[in-house]
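The values are calculated or read from the model by the stated rules, or taken from the named source; none is laboratory data. This one's a predicted model, so the numbers in the text were calculated from it and none came from an experiment. Using ideal geometry, Cβ is built from the backbone for each residue, glycine included, and neighbour counts are taken over all protein chains shown. The accessibility values were calculated without ligands, DNA or RNA, using every heavy atom of the protein model including side chains. Shrake-Rupley method; radii C 1.70, N 1.55, O 1.52, S 1.80 Å.
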Amino acid sequence: MRIVAGVDIGNSTTEVCIAEFEQDRLVRFLASAAVMTTGTKGTTANVHGILAALKRAMGQIGRDISDIAMVRLNEAAPVIGDTAMETLTETIITDSSMIGHNPSTPAGAGQAVGELLSFEHLQKGTADRPYIVYASAAHTYEEVAAAVNRSAKIIQINGMILQADEAVLVENRLEKKIPIIDEVLRIDKIPEGKLAAIEVALPGQYIHMLSNPYGIATLLGLDAEETRMVTPIAKSLIGNRSAVVIKTPNGDIRENVLPAGEIYLDAEHPERIQLDEGAERIMQAVMNAGEIHDVAGEENTNIGNMLRRIKKGMQEVSCDAGSEIRITDILAVDTLAPVLISGALAGETCLEKAVGIAAMVRTQQLPMEAIAEELRNRMHTEVKIAGVEAVMAALGALTTPGTTLPLAMLDMGGGSTDAAVIDETQRVRRVHQAGAGELVSMLIQTELGLTSRTIAEQIKKYPLAKVESLFHMRMENGEMHFVEESLDPRLYGRVVLLTEAGLVRIEQDIPMERIREVRREAKRKVFVMNAVRALTSVAPGHDLKKISNVVLVGGSALDFEIPEMLTEEFANYRIVCGRGNIRGKEGPRNAVATGLVLSYIMDAQRT
Ligand code: ADP
Ligand code: MG
């Protein structure tokens with residue numbers, strides 16, 4: 001009786017599989033486990049995680065790791081994925097000319113135009129013109145409401161701007177109802193005496209005058225040239241529930257196109273692409289390039305620095321310092337990032353154009369032998385580097401019920417999407433492509449303007465719901481869900497994630513529909529694109545129609561919607577495609593580790 005362990009070290013996850021052999025015959029699989037990879041894949045720092053995973057798996061069957069007769073390590077593909085984001089435009093306001101933001105509770109509805117008058121100067125107002133009054137947080141809502149009620153008998157007050165979050169409290173006390181915008185942080189920057197227009201949308205609606213250049217022109221009496229100048233303002237106010245635009249003679253808002261740099265593809269068909277030409281153009285070039293030897297970016301630009309940083313990281317892990325580090329694939333996707341507008345009054349953001357990039361870095365070989373040696377010393381057991389990752393993954397994928405050769409396998413991990421096709425003679429063609437789960441998380445984080453990657457990662461993994469009362473939620477699919485015990489009041493009115501560990505509240509105030517749209521779009525941009533690209537590349541004659549079965553494996557195949565997106569996409573090519581179920585029980589996990597264990601039989605037969 002021999003216990004053999006397969007160990008798969010991935011970018012993100014280290015997976016192990018344990019099985020029992022009797023005279024080179026597989027008796028049964030005993031256990032499996034997964035832990036987060038410790039350190040960069042392919043370095044001896046991985047040993048810590050490997051031992052933890054082996055202990056966990058052996059613990060499940062009440063055994064110790066000293067009972068393991070042989071450890072089989074994968075010849076980890078010497079590729080590492082990395083991601084970065086590059087903003088292509090920036091919006092700048094000189095001489096404050098607008099406030100457009102989404103305070104959660106503005107008051108009143110409609111539009112108003114008037115000269116800006118500070119609360120302190122209410123008495124200076126004259127009856128010959130309309131005003132918009134603004135008040136700092138130094139004044140209480142009672143004080144503000146009382147004074148405005150008094151002044152409104154003498155002068156015409158059309159609207160208000162408040163620093164404090166008190167629009168509703170003030171409005172409740174006003175005799176004449178007017179639109180009020182609150183939560184304007186930089187109230188001290190408001191230029192008194194200038195003409196301003198404010199707009200508050202009806203509940204459930206968006207503003208429509210100030211998000212339209214001609215609307216602003218109508219309210220502020222602009223000529224054609226001035227109207228052209230305010231177009232970026234109108235653009236950045238689209239989708240707001242309230243806004244202020246101030247007419248300042250020198251006020252200017254511009255959209256700058258940032259110098260983004262050039263990408264050089266050193267390939268069969270070399271090409272240079274300007275980053276700001278957009279993702280579609282970049283990917284077209286990547287696909288027409290044939291085999292890519294290396295990718296570089298223009299010196300002293302963000303893209304140049306980013307690609308250099310990625311290569312440097314790889315240099316540190318690869319065996320000999322002189323070894324060649326190359327970028328063999330990139331995936332570019334267009335995205336939008338909410339960026340603070342410089343010069344804005346209320347911390348407004350504008351959705352700027354950006355490009356997300358994932359890169360696949362390759363070195364000649366990873367120092368796997370060093371890991372094996374370290375394991376031998378720690379475990380006093382036989383350790384063998386046993387097989388090529390993609391081949392092992394395909395062997396493992398084949399244990400999914402209902403599969404047969406020839407088979408295509410798509411391993412969707414954190415840093416890369418790998419594809420392999422294995423035919424009846426067990427010949428394998430494989431490819432490693434840049435862009436997988438981490439790029440999806442990055443896109444979600446930037447597009448929603450989230451401060452942490454962790455919450456983006458959670459948004460990627462879990463469905464959403466809106467807590468509409470303490471006893472019911474509206475699921476993102478529209479279904480109403482009633483609960484028996486009252487929900488935590490802190491969740492009331494909030495968007496939550498339905499995780500295994502219960503409801504997790506999303507701190508940012510972003511509509512559920514928007515989060516869902518961004519999440520699905522990010523997954524589609526990365527995985528549908530990459531799946532088609534990868535399978536075309538390994539298909540016989542690069543013809544997708546020559547593939548009939550695709551098994552999805554890897555961490556991102558656990559996703560609750562990515563496999564369905566791909567099943568739908570590939571149905572168009574009459575390809576059977578679905579989430580793998582390794583050994584009929586592991587789901588899409590453990591393919592490589594299982595393959596490594598199975599390869600023990602072939603090895604044993606050979607000797
Ligand atoms: P690797 O083989 O590179 O170590 P994995 O196969 O472990 O990578 O995949 C890691 C990726 O899978 C990460 O991007 C992670 O966010 C993603 N992932 C893990 N679990 C889930 C899940 N339940 N839903 C969606 N994505 C997931
Ligand atoms: Mg993997």
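Could you give the length gained on full extension between Q315 and D223, defined as 0.36 nm per residue of separation minus the Cα-Cα distance, in nm?
27.2 nm
The C-alpha radius of gyration of segment 496-565, expressed as a fraction of 2.2 N^0.38 Å, stands at 1.48.
Within segment 522-607, what whole-number % of the accessible surface is contributed by carbon and sulfur, with the 1.4 Å probe and all protein chains included in the calculation?
Values: 1830 of 3490 Å².
Carbon and sulfur together cover 52 percent of it.
Quick one: in segment 439-480, what % of C-alpha pairs are over 17 Å apart? The share of Cα pairs beyond 17 Å in segment 439-480 comes to 44 percent.
A straight chain from N305 to R186 at 0.36 nm per residue would run longer than the Cα-Cα distance by 39.3 nm. Share of carbon and sulfur in the accessible area of segment 1-127 stands at 48%, probe radius 1.4 Å.
Working ranking of peptides 305-312, 582-589, 24-31 by packing, defined as the average number of other Cβ atoms within 10 Å per residue, highest first, is 582-589, 305-312, 24-31.
Taking 16 Å as the straight-line reach from the Cα of K460, the aspartates and glutamates in range (excluding those fewer than 8 positions away in the same chain) are E438, E447, E476, E500, E507, E513, E517, E521, D559, E561, E564. Using a cutoff of 8 angstrom between alpha carbon atoms and counting only pairs six or more residues apart, the relative contact order for the chain works out to 16 percent. Taking a straight Cα-Cα cut-off under 14 Å and skipping sequence neighbours fewer than 8 places away in the same chain, the aspartates and glutamates within cross-link reach of K124 are E115, E192. In terms of the mean number of neighbouring beta-carbon atoms within 10 Å, the peptides 434-441, 272-279, 420-427 order highest first as 434-441, 272-279, 420-427. Subtracting the Cα-Cα distance of H208 and A604 from their residue separation scaled by 0.36 nm leaves 135.2 nm. At a probe radius of 1.4 angstrom, the accessible area of segment 181-237 per residue rounds to 50 square angstrom. Accessible surface for segment 436-493, divided over its residues, is 51 Å² per residue with a 1.4 Å probe. Where only DSSP H runs of four or more residues are counted, the chain gives -8500 deg cm²/dmol as its mean residue ellipticity at 222 nm, each run worth -39500 (n - 2.57).
The per residue volume of the convex hull around the alpha-carbon atoms of segment 416-490 is 169 Å³. For segment 104-240, the fraction of C-alpha pairs more than 17 angstrom apart is 59%. Annotation: amide H of Q365 within the under-5 Å range of C319, sequence separation 5 or more or interchain, hydrogens built in the peptide plane. Across every pair of non-identical alpha carbons in segment 460-501, the mean reciprocal distance, once inverted, gives a Kirkwood radius of 10.4 Å. Counting Cα-Cα pairs of the chain in 20 Å increments starting at 0 gives whole-percent bin shares of 18, 40, 28, 13, 2, 0. Calculated on the Cα set of segment 524-607, radius of gyration then Dmax: 14.8, 47 Å.
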